[in-house]
């Protein structure tokens with residue numbers, strides 16, 4: 001973990017209180033903490049840093065992590081393809097990340113990509129702002145993203161058919177700045193950052209996967225600046241009781257506070273002068289992209305992800 005993050009980090013266990021984490025550095029090199037721990041002086045929580053990975057998710061136990069499908073090598077390789085397939089000149093690749101990045105206007109400040117998986121959008125934002133942070137609850141995702149950050153290329157073994165594999169190489173474009181990105185293991189429902197830290201916040205294909213979508217949006221609003229800020233949310237809105245109870249959904253219901261479509265409901269909340277996401281946002285017209293996930297050479301999942309961009 002880059003040492004420059006230390007000034008931004010607070011204890012996620014103490015929210016809404018803001019208590020700085022104290023670093024106990026065992027091994028570091030060139031401003032990167034390789035081994036150590038972050039300790040909260042208020043609640044005494046200890047967050048380890050192992051092989052450069054800062055583990056700041058207080059809501060996932062080790063047992064839950066071991067059974068998390070997003071920790072498997074197969075899923076990591078699928079997501080690496082989904083994020084970077086257009087760089088491979090793959091005829092089946094998706095242009096979703098290029099489209100999303102084109103919506104965000106360049107500006108000074110720091111960006112946060114919540115649920116950023118293996119890091120594509122975090123890298124994209126490194127050419128549009130001063131510093132870009134990606135986070136995910138999956139250690140395997142963040143480990144892959146940091147490897148790309150450090151080495152600038154990666155050999156990926158993709159499932160071809162059955163037991164057959166084929167290798168491909170991901171190489172990052174020169175304008176994606178490794179010195180301007182960092183990745184941490186953290187939870188979008190308990191962000192380990194001070195309020196009003198970020199000028200840019202993105203949530204891509206995440207809000208229908210968390211157990212409390214409203215908490216995710218509230219956390220977004222807490223850490224995002226009141227002025228000179230951008231927010232983009234994109235999601236297929238595949239509401240499921242496996243992810244969240246129905247009363248927590250922000251759409252996909254026929255009655256209640258969030259009856260109707262999720263994208264429209266989020267846009268309405270953002271535009272309100274008072275409420276959970278105040279101060280109000282100016283919401284642009286909605287759009288959509290087609291995002292793909294690859295299982296093997298003959299199997300792809302096509303997902304329509306609907307997005308809104310807002311600024312204030």
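The values are calculated or read from the model by the stated rules, or taken from the named source; none is laboratory data. Values in this document were obtained by computation on a predicted structure and should not be read as measured data. Backbone-built Cβ (ideal geometry, glycine too); neighbour counts: all protein chains shown.
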- residue 301 versus (1) in contact with a strand residue (DSSP E or B) (Cβ under 6 Å, 6 or more places away or on another chain); (2) assigned to a helix (DSSP H, G or I); (3) free of Cβ contacts under 8 Å to residues at least 40 places away in the same chain: which is the lone unmet condition? (2)
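Kindly evaluate residue 270 against the criterion of being assigned by TED's automatic domain parsing to the domain that holds residue 83, within 16 Å of residue 225 (Cα to Cα) and not in a helix (DSSP H, G or I).
Criteria not met by residue 270.
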- So which of 290, 239 is in the same structural domain as residue 93 (by TED's automatic domain parsing), buried (at least 19 other Cβ atoms within 10 Å of the Cβ) and either under 21 Å from the mean Cα position of the chain (by Cα) or more than 28 Å from residue 82 (Cβ to Cβ) (or both)? 239
